[in-house]
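Undergrad: Provided herewith is a single structure, encoded as structure tokens, for subsequent inquiry.
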Amino acid sequence: THHEALLSQAASAHNLSGSLTAVRGGLNDLDSSLDKLRLKIRVPYQSLRAHVSRLQKLQQASDVLRRTSRFVILARRLQLQMAAIASTPNGESVKSLKVDNTDVMALSTSGDSEDEKERTIAKAALSIAELVSLLDGVDNGKSIGNLSRNGEIVKDSAMRVADND
């Protein structure tokens, strides 16, 4: 009786061994399918992540260029305004002209020289305020070489405008 029970268990173990082999094969197929699926997801994700990073860097560079361009325009305008204020003797006034969409100050003689000078000082103060806002807007206090060098011009001009008030 033991002999038949042992033979029966051996036959069951052999059947289970066959089933286990089939299950292992299925698991191996599942693992390979999972690896393929990971590749189909991971590779595009990593590529997308790299493109997003590149886009962020390009946007930062674009912002820096935009700010720098605006700063240069404002600095030139301020230099012209300061030159007009400094070279305005009594009896002459400062007239604002538009040249290539940029305000340019020109001297002319008229009786309203003080009013024109005050307007020029006010325009210079607005230019200074916009320049200061551009300088303050630089990310994390990092200074952009050209902006920080010209920052001294802005401070000097601001002091000169304040002295003329």
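Undergrad: Take the conditions open to solvent by less than 60 Å² (accessible area, probe 1.4 Å) and either modelled with pLDDT of 95 or more or hydrophobic (A, V, I, L, M, F, W, C) (or both) and apply them to V72. Does it pass? First the steps, then the outcome.
TA: Working: open to solvent by less than 60 Å² (accessible area, probe 1.4 Å): yes; either modelled with pLDDT of 95 or more or hydrophobic (A, V, I, L, M, F, W, C) (or both): yes.
Criteria met by V72.
Undergrad: Follow-up question, since we're still on this one. Among the numbered criteria (1) more than 34 Å from the chain's Cα centre (by Cα); (2) over 19 Å from S157 (Cα atoms); (3) at pLDDT 50 or above, which one does S93 miss?
TA: Unmet for S93, out of (1) more than 34 Å from the chain's Cα centre (by Cα); (2) over 19 Å from S157 (Cα atoms); (3) at pLDDT 50 or above: (3).
Here is a yes/no grid of residues against (1) aliphatic (A, V, I, L, M); (2) open to solvent by 100 Å² or more (accessible area, probe 1.4 Å):
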residue: L6; (1), (2): yes, yes
residue: V23; (1), (2): yes, no
residue: I41; (1), (2): yes, yes
residue: D63; (1), (2): no, no
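The values are calculated or read from the model by the stated rules, or taken from the named source; none is laboratory data. Every value quoted in this text rests on a predicted model; they were computed, and no experiment measured them. Protein only, heavy atoms only, side chains kept; ligands, DNA and RNA dropped before computing areas. Shrake-Rupley method; radii C 1.70, N 1.55, O 1.52, S 1.80 Å.
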